[in-house]
Amino acid sequence: MLAAYAVRVEESRGRRHPEPQHPYRNDFQRDRDRVIHARAFRRLQAKTQVFTRRYSDHFRNRLTHTLEVAQIARTVAGALNLNVDFVEALALVHDLGHPPFGHAGEKALNNAMQAHGLFFDHNLHALRIVEDFELRYAAFRGLNLTFEVREGIIKHSRDYDPQQFPELEEYLLEQRPPLEAQLIDLADEIAYNTADLDDGYEAHLLTLEQIREGVPVFAHFLREVEGLYPDAPDKLKFNETIKRVLDRLVGDLIRNTQARVEAAKIRSLKDVRKHPERLAALSAEVEEERRTSKSFLYDNLYFSPALAEEKDDAEIIISALFEQWMMNPSTLPHNYQDKAREDPLPRVVCDYIAGMTDNFIYEQYERFATAR
């Protein structure tokens, strides 16, 4: 039984190119399946989340992170009686536009674009992927996703100014996204705030004592775990603690979002869209815990000297390859040379680089570095 303010698939605004209904899958289930079968989705398995494979194959990559976000988002949506099929499709597509080398790669690619008066935004790039780059169907370019999923791609994590982005006018920029889309960014935060502590600890870049000191909510649950399992190995104590932190974040998101919906007297999807602010949120206390944990990760993991080499690689390799193809567009693949006849060359080069896996961009760099 869906809540009155949930998105209903039968009320979807439909696809850009009309298609007949499928006999046993609704449109959001079809969108989910189209994303899973997309080449861009498969490439996420070879894109960095935080750690490259030189550390270990055990750590999260962009694909496994996406699956964890989907699991959290489905749980929250189910508890709130929202549309779980819609939420799953949004969660699986939310990181499709990320370039190689994680956030360092995104920063390097944006810097390269700014030199040409342009910019890189992974949400807008994801929209380009599902609208144009994926070629799987004879009748149309892209994946022909429903309006609601396309809207969620660009609006799940930020609000775009209609004056600055007139090309996105069709996506109701003056309105809030549905609650299902609002959940995605919070599920993303919950997923990586806990997972990155886990991977950082596994990589021996963070110690148990360091996390205990820097993340008070972790310290609180660690004391509880130590009382229950005094003789357990440290790693299992860590696992039990992270499980409790994750449950606190997810449980609070469910309870607080429900309370905010009730306090705002939300009765319909239209009410959600017209509300002056997003309704999905953590409580003030737990939001502060999340911020503290995220700040700890920035100070002690993301900018760790041990990870500096990867960040340097991102800047050096992306800058060099961007310059290479700007100076010598004839060395681009033929389909990108064709695109450059219609679109600005910097955008075409950016699109090419953004789609690469970590492995492939290293290969390209070695190829052109050797040719110099």
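The values are calculated or read from the model by the stated rules, or taken from the named source; none is laboratory data. If you're wondering where the values come from, they're calculated on a predicted model, not measured in any experiment. Note: ideal-geometry Cβ built from the backbone for every residue, glycine included; neighbour counts use all protein chains shown.
A few remarks follow.
- Pairing each residue of the stretch 46-58 that is under 14 Å from Tyr302 (Cβ atoms) with any residue that is among the hydroxyl-bearing types (Ser, Thr, Tyr) and modelled with pLDDT of 80 or more, provided the two are 6+ apart or on different chains, yields C-beta distances under 9 Å for Gln49/Thr64; Gln49/Tyr192; Val50/Tyr192; Val50/Tyr302.
- Options Glu189, Glu174, Glu180; residue that is of a type outside the set (S, T, N, Q), at pLDDT 95 or above, assigned to a loop (DSSP other than H, G, I, E, B) and farther than 24 Å from Asp351 by Cα: Glu174
- Cross-chain or 6+ apart pairs with Cβ under 8 Å, the stretch 104-122 first and more than 13 Å from Asp351 (Cα to Cα) and touching a residue at least 12 places away in the same chain (Cβ under 8 Å), then polar (S, T, N, Q) and surrounded by fewer than 18 Cβ atoms within 10 Å (Cβ to Cβ): Ala108/Ser319; Asn111/Ser319
- The stretch 8-20: number of residues that are assigned to a loop (DSSP other than H, G, I, E, B) and closer than 21 Å to Glu180 by Cβ: 5
- Test: residue in the stretch 1-10 that is within 27 Å of Leu135 (Cβ to Cβ) and modelled with pLDDT of 95 or more: yes
- When the stretch 27-46 is filtered for residues that are surrounded by fewer than 16 Cβ atoms within 10 Å (Cβ to Cβ) and not β-branched (Val, Ile, Thr), the ones remaining, listed by number, are Asp33, His37, Arg39, Arg42, Gln45.
- Any hit, the stretch 151-173, residues being buried (at least 17 other Cβ atoms within 10 Å of the Cβ), in contact (Cβ under 8 Å) with a residue 12 or more places away in the chain and closer than 25 Å to Asn359 by Cβ: no
- The listed residue being assigned by TED's automatic domain parsing to the domain that holds Glu174, closer than 30 Å to Gly105 by Cα and assigned to a loop (DSSP other than H, G, I, E, B), out of Arg267, Arg291, Arg278: Arg278
- Test: residue in the stretch 262-269 that is surrounded by 17 or more Cβ atoms within 10 Å (Cβ to Cβ) and touching an Asp or Glu at 6+ places or on another chain (Cβ under 9 Å): yes
- Filter result (of a type in the set (Val, Ile, Thr) and at pLDDT 85 or above) within the stretch 51-70: Thr64, Thr66, Val69
The rows are residues; the columns are (1) of a type in the set (D, E, K, R); (2) touching a Pro at 6+ places or on another chain (Cβ under 9 Å).
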site	(1), (2)
Gly117	no, yes
Phe140	no, no
Glu170	yes, no
Thr194	no, no
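- Filter result for the condition that a residue is outside any helix (DSSP H, G or I), out of contact with any Cys (no Cβ under 8 Å at 6 or more places or on another chain) and of a type in the set (D, E, K, R), over Asp299, Asp343, Asp313: Asp343
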